[in-house]
1. Pick from GLY158, GLY140: which is without any contact (Cβ under 8 Å) to a residue 12 or more places away in the chain, over 24 Å from the mean Cα position of the chain (by Cα) and in a loop (DSSP other than H, G, I, E, B)?
2. Hey, among the residues in segment 113-129 that are within 10 Å of the ligand (Cβ to nearest atom) and outside any loop (DSSP other than H, G, I, E, B), which one's surrounded by the fewest Cβ atoms within 10 Å (Cβ to Cβ)?
3. Being within 14 Å of MET315 (Cα to Cα), at pLDDT 95 or above and crowded, with 21+ Cβ neighbours inside 10 Å is true for just one of ALA378, ALA350, ALA383, ALA371. Which residue is that?
4. Can we say ASP34 is in contact with an Asp or Glu (Cβ under 6 Å, 6 or more places away or on another chain) and touching a residue at least 40 places away in the same chain (Cβ under 8 Å)?
5. Go through segment 6-26 residue by residue and tally those that are free of Cβ contacts under 8 Å to residues at least 40 places away in the same chain and within 26 Å of ALA353 (Cβ to Cβ).
6. Which residues, taken from segment 83-99, are away from the ligand (no atom under 16 Å from the Cβ) and farther than 11 Å from ILE297 by Cα?
7. Here are SER260, SER248, SER283: which of them is more than 20 Å from GLY78 (Cα to Cα), out of contact with any Ser or Thr (no Cβ under 8 Å at 6 or more places or on another chain), at pLDDT 95 or above and of a type outside the set (A, V, I, L, M, F, W, C)?
Amino acid sequence: MTRWQEEAARLDAADPLADFRAHFLIDDDLAYLDGNSLGALPKATPDRVAEVVRAEWGEGLISSWNAAGWIDLPQRIGAKIAPLVGAQPHEVVVADSVSVNLFKLISAALAMRPGRKVVLSEPGNFPTDLYMIEGLEKQGLAERRLAERDGIESALGGDVALLLLTHVHYKTGEMFDMARLTKAAHDAGALVLWDLSHSVGAVPVDLDGADADFAVGCGYKYLNGGPGAPAFAFVAERHQADLQQPLSGWMGHAKPFEFSDDYEPAPGVDQLLCGTPPIVSMSALEVGVDLMAGIGIAALVAKSRKLSEFTRAAMADMVPELPCISPDDPEVRGSQLSFRARNAYELCQALIARRVVGDFRAPDVLRLGFAPAYVRFADCWRAVQTLRDILDSGEWRKAEFAERSAVT
Ligand SMILES: *Cc1c(COP(=O)(O)O)cnc(C)c1O
């Protein structure tokens, strides 16, 4: 055994979360380092989904809206996500996708800052965040402004209505200082919307402690809600009375079952609901959230840091030719590491062929994600060792590894 393999075995033996992998349906020989893109399947999910479909829908039919608690699912799951992001239970609700929730909350923020139109973000932010601002710009409602990380604070002029940032950068894993940037935005009279898609369930987030205004986050990454799982949205309690979002669907009405002609927003985060919630998907998400909430954020964060730190050190030692573009300091890094490689795509495909799943982010990034609930230190060691093998043998040059599919 090499030194790193021994170290991995030692860390796995001492890992307080080691038993949690058994809660997921994931092959023992699979090193799955892509839970930051699509979380693994909790073992309890197929049975829960079957129960929702067969018993609650099949037998209960329409009575299940009340009897099975379908109608409260968006709030119930939101309340369970809240402690993972430092929010109060009534500040979080589950609905739609991250993109749609961005639209609602960017619009709501603009309405709360009349006379200001600028939505400030950073170039290279996750595409959908930038595109959603663009969509509002095309309607004449917003003006998109982008500033590099170190220039964000100075770009916060008196015309900025909203600062929209992704807390952990999807490509580099860099993590913003949420409290500092939120304060800078508030000092400039702007509101802040945090995208927590790469944060929730893996890094410490304290929305209320940072005095954040709004947030959105993803259900299918570290929350293990399944492909296309619904997303969540956070609105600080102090803004809930003034909130006005434009997708004024009937499920966000104060009294949807009075079927009135006029829209009256529900109080609180309930207003963020638009149409009828996807109950089957929400039920799957609830299983994933229950698992993460059961472990607790402190234990998840502690293990995430150990996994990424172990991998960073092993990579620097064994694969020094691939520079790490993620921060060295675990305090300012998400639960992932990204490496720059000219043939990142081919390397990634060659790794997958050897049952080590990471992912590729265009144009030249190989990304390894550490979902602390089920990733083992041995998986991290295997990723590093396999990468070394593939580089040494030139295996990645095989033509089959250069073919690109629709999803990369
Ligand atoms: C994954 C991700 C999203 C996903 O948005 P959807 O609309 O749910 O597809 C949004 N923002 C960031 C930063 C992400 O990482």
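1. On the way: GLY158 fails: without any contact (Cβ under 8 Å) to a residue 12 or more places away in the chain.
None of the other options fit; the residue is GLY140.
2. PRO127
3. Values: ALA378 fails: crowded, with 21+ Cβ neighbours inside 10 Å; ALA350 fails: within 14 Å of MET315 (Cα to Cα); ALA371 fails: within 14 Å of MET315 (Cα to Cα).
Exactly one of ALA378, ALA350, ALA383, ALA371 is within 14 Å of MET315 (Cα to Cα), at pLDDT 95 or above and crowded, with 21+ Cβ neighbours inside 10 Å, namely ALA383.
4. So ASP34 passes the test.
5. 1
6. ALA87, GLN88, PRO89, HIS90, GLU91
7. Only one candidate qualifies: SER260.
Table: residues versus (1) more than 19 Å from GLY249 (Cβ to Cβ); (2) within 16 Å of the ligand (Cβ to nearest atom); (3) within 18 Å of the chain's Cα centre (by Cα).
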| site | (1), (2), (3) |
| --- | --- |
| GLU51 | yes, no, no |
| ASN66 | yes, no, no |
| ILE81 | yes, yes, yes |
| LEU136 | no, yes, no |
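The values are calculated or read from the model by the stated rules, or taken from the named source; none is laboratory data. The structure presented is a predicted model; accordingly, all values stated were derived computationally and were not measured. FYI the Cβ positions are ideal-geometry reconstructions off the backbone, even for glycines, and counts take in every protein chain you see.
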